[in-house]
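Structure first, then comments.
Any read-out appearing in this document is the output of simple, stated calculations on the displayed coordinates, not a laboratory observation. Small disclaimer: the values here were computed from a predicted structure and weren't measured. So basically every Cβ, Gly included, is an ideal-geometry build from the backbone, and we count neighbours across all protein chains shown.
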Amino acid sequence: MLDKTFDPKAVEPRLYAAWEASGAFKPSEDPNAEPFVIVIPPPNVTGSLHIGHALNNTLQDVLTRFHRMRGKAALWLPGTDHAGIATQMVVERQLAAAGNIGRREMGREAFVEKIWEWKAESGGTIVNQLRRLGASCDWSRERFTLDEGLSAAVRKVFVQLYKQNLLYRDKRLVNWDPQFQTAISDLEVEQKEVDGFYWHFAYPLADGVTYQHPVAFDEDGKATAHETRDYIVVATTRPETMLGDTGVAVHPTDERYKDLVGKFVTLPIVGRRIPIVADDYADPTKGSGAVKITPAHDFNDFGVGKRAGLAVINILTVEAKLNDSVPADYVGMDRFVARKAIVARAEEEGWLKEIEKTKHMVPHGDRSGVVIEPFLTDQWYVDAKTLAQPALKAVENGDTVFEPRHWEKTYFEWLRNIEPWCVSRQLWWGHRIPAWFGPSTDPNDKDQFTSKIFVGETEEDVLAEAAAYYGPKVQLGFTDGLVFVDRNEQGELTRVDLKRDEDVLDTWFSSALWPFSTLGWPEKTEDLARFYPTSTLVTGFDIIFFWVARMMMMGLHFMGEVPFKQVFINALVRDEKGAKMSKSKGNVMDPLVLIDELGCDAVRFTMTAMSGQARDIKLSKQRIEGYRNFGTKLWNASRFAQMNECVRVEGFDPATVQQPINKWIRGETVKTVAEVTRALEAPEFDAAATALYKFIWNVFCDWYLELAKPILNGDDAAAKAETRATAAWALDVSLKLLHPVMPFITEELWDKTAEFGPARDGLLIVEKWPQLPETWIDAEAEAEIGWLVETVGEIRSVRAEMNVPPSAKPPLTLIGASAETKARLARHRDLLLTLARLDSAREAEAAPAGAVPFVLGEATGALAIAEFIDLAAEKARLTKEIAGHAGEIDKTNKKLGNPDFLARAKEEVVAENRERLAEAEAAKAKLEAALARLAAVG
RNA sequence: GGGCGGCUAGCUCAGCGGUAGAGCGUCUCGUUUACACCGAGAGGGUCGGGGGUUCGAUUCCCUCGCCGCCCACCA
């Protein structure tokens, strides 16, 4: 006997272990099985499961289980990401908290060792939490972005891109994070609006130059007065950058400054003579129309400087302090301290013309939260523009489809405007860049010691390249220190020790390879041949750029095929008020706590049901409780079945059932199978959840089991046997359909019911997905049970409205019933009596006195409840019903009275309206007659 | 500045060209031998505003208004 409720806590670990041990998570080895493959968005190896993971991984598991049951070779490939900055940051913090020496004092090797220790300690957390979620990943194929195989893939990709000129080293401005002291990509920069100021500075003109500047204007904006100025005004939000100014730009057509182009200003504080140049970048409508140019610390200014041939002076250190390119007073000063100091000095010296309050966007590091500085450094870049073209095409022509489709616009927008991708990071945790520096033999190269680069997958490859470059007489080696060079007396090279690039690659560089690197690439493995391209990628929209687009680029470039055919973008989980969950707000819902409290299946069903498209998911605990209740409902239905000996029957064929209710539930089951299958194929997760919920609760429990009770308690042995077998069958089908979403409770019920009926072995997880013939839908049974359900509903409604106590069992009379209705009444009289709590049900010519009428198709029902009738209430009820019909009639008449409607609307629509009109008119007439009788009485 | 999404019952959301739906909440009734994590019933919406297309618009188009998000070089 089943317990009264399902106990998820006891069942979940046991079943998961059984599944895993059975090998059911591995893809079928049947060569004829069509593959279905998902690669997991690898979570941070040291992370833990949050609600977003719960959603994302539930959906992946639903798909995986569904396709596995459909007989496909289903592979859900799990793994974790080393998460460069994030992990390095965590470990640095831990070291600091423990009072340890910092990473720089510790040194690279020791620090990386610490991270590996941390990974060993916490690295199993998230994968075990995925198990608690029921994730049917093939753990035997689990990968980690820094494992040997994936690292080899990364090296190979780097070298190949380099050789194809799609990856190069360049000196340009990058987004510099002074906290982590590394370059970051554009995507890792967050623009935040902050309160700030425009400080207007007057830069004095050099060489005694003056000009006329307009100061008053007429209505048309024409200057009417001018003053003589010996300075030019520029505005800035970052005064400290003035120390690196090497020019002032004005627009070439700007009349005000026309004569100043080619003249010079003397930069205050610094005393540098810098030119006034003409450049389209200067916007005459903004500020004074003149703009200070700091090529080394502003992306726009860098461009202006390049065009105008201005000097590039870097004034910052890696920590964003002023370096020794600035006047001595400021050297070593923090950038924000310097800002204040410079403003103070400007005021003191009289060249601060104005302070204007403003709100403006300031770039911040998404991890560090500090203000990013544009900074001139040498970095590695991927030519994303070139790689983006096939990635664009593949989505344009539908090789890869986004679901929901509108995300494609986001994808296109970014790829069409893509910039070179800075892939080097000045971090220690990650894939070290396989590039080595040596001296250039070209005397024109500026930096003789590091300007020759050798790129190779192995040190052997690099030595071979170097040997080819330096010639056989040069002895080659490697060094951890500076590049070492020895020369003979003639100045010829005799020895070179190459130095490997210190930097590591952006984490997303390795993630971009995930769909093929995890399958064994660059080896030609069986998995790679069988499982690439993958089927569906399930991920959040926040990483379409970071990850999806880059996988597309790399997949197409290295595999020649898209990495996945479908991208399902899931929503973002928010709290019940729609706020983003965050620790600081204290509104975080921990999926593991929810699983503990309400069971994994309830959490999973919630995620599935709420995964409607293109929307935030506002998650409330109440909702999860509702779905926990749904599980309990299913459990109790199974308990009822068990109590009533509804056990599976060997060789039972639903096609042979005779009882109308059994024919009916058979058809409903067929429809549900079709709908759930369709929904999961799409996938429309919410539609699948809705179909399952409605079928199991509102159809099977609310009606089928209730309708079955009289038979199960009756004496018709044949009908009883048939109903038992049908109930067991429908329940079995339900368990299968629900299994992808609620794997634990369905598996448990499957296993428990295996104890009864004919022997069956195996777990539900490996069962085949049902596929039922449409011919099992019986229109007549459907109509008949529909009639029964409607009749019961009407009677219940009347009883409730008339306050008829449940104990009262009034007789029912049917007036004007058709032969078909009479037959139905005869067939289901017992059911009707039980479900509607009636004493009797018979046909008659006229309603008995004091009976309450209601419309039932062509017939009129009359419930003899004279003793409960409140005349006023009954009048009100009838009047309301009549008004309802009258409204309907009115509306429909209008339609049918419109010749255009008759002429142009589809025939079946017209027919439908005619029918509706007739029904409404008949119903209204009956009720009006009843009301008239009532009026006569009262 | 550019783009995307949303605005449907008190709340959360389906529906997306032919009679407005669900869950939760609310109200009424109910200890009928699966289930009170339950059952029965009821109330509740001019589908954000305004135009247009159409025989017909919550559904398609335009426009406006809010709300949210993404991108954009911080004079």
- prompt: For chain A, what ratio Rg/Rh do Cα atoms give with a Kirkwood hydrodynamic radius?
  reply: 1.12
- prompt: Using only the Cα atoms, what convex hull volume per residue in Å³ does the stretch A:425-508 have?
  reply: 100 Å³
- prompt: So how long is each side of the stretch A:136-253 along the principal axes, counting just the alpha-carbon atoms, biggest first, in Å?
  reply: 82, 36, 31
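Counting pairs of Cα atoms in the stretch A:286-400, how many percent are more than 19 Å apart?
For the stretch A:286-400, the fraction of Cα-Cα distances above 19 Å is 67 percent.
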- prompt: Sorted by mean Cβ packing within 10 Å, highest first, what order do the peptides A:783-789, A:51-57, A:9-15 take?
  reply: A:51-57, A:783-789, A:9-15
- prompt: By count of other Cβ within 10 Å, fewest leading, how are A:Met106, A:Met1, A:Met361, A:Met553 ordered?
  reply: A:Met1, A:Met361, A:Met106, A:Met553
query: In this model, which of A:Lys171/A:Lys321; A:Lys822/A:Lys895; A:Lys258/A:Lys409 are farther than 32 Å apart at the alpha-carbon?
result: A:Lys822/A:Lys895; A:Lys258/A:Lys409
message: Placing one identical point scatterer on every Cα of the stretch A:819-938 and ignoring solvent, what is log10 I(q)/I(0) from the Debye formula at q = 0.16, 0.23 Å⁻¹?
response: -0.89, -1.26
task: Give the order of A:Ser638, A:Ser451, A:Ser807, A:Ser535 when sorted by the count of other beta carbons within 10 angstrom, beginning with the fewest.
output: A:Ser807, A:Ser451, A:Ser535, A:Ser638
field: Long pairs among A:Lys292/A:Lys340; A:Lys306/A:Lys357; A:Lys875/A:Lys924; A:Lys26/A:Lys736; A:Lys9/A:Lys633; A:Lys9/A:Lys119, criterion Cα-Cα beyond 21 Å
entry: A:Lys306/A:Lys357; A:Lys9/A:Lys119
task: Please give every one of the aspartates and glutamates within straight-line cross-link reach of A:Lys709, meaning a C-alpha to C-alpha distance under 17 Å, and leave out same-chain neighbours fewer than 8 residues apart.
output: A:Glu645, A:Glu722, A:Asp830
query: What does the charge add up to near A:Phe264, with Lys and Arg as +1, Asp and Glu as -1, over the other residues with Cβ less than 11 Å from its Cβ?
result: +2
- request: Set the Förster distance to 22 Å, then compute FRET efficiency between A:Ala21 and A:Glu148 from the Cβ-Cβ distance, nearest 0.05.
  value: 0.20
- prompt: Just in the stretch A:707-779: which trypsin sites (Lys or Arg not before Pro) are loop by DSSP and have at most 10 other Cβ atoms within 10 Å?
  reply: A:Lys768
field: Distance cut-off 27 Å, percentage of C-alpha pairs in the stretch A:612-747 lying past it
entry: 23 percent
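Can you tell me what the convex hull of the Cα atoms of the stretch A:248-321 projects to on average, as an area in nm²?
One quarter of the hull surface, i.e. the mean projection, equals 5.4 nm².
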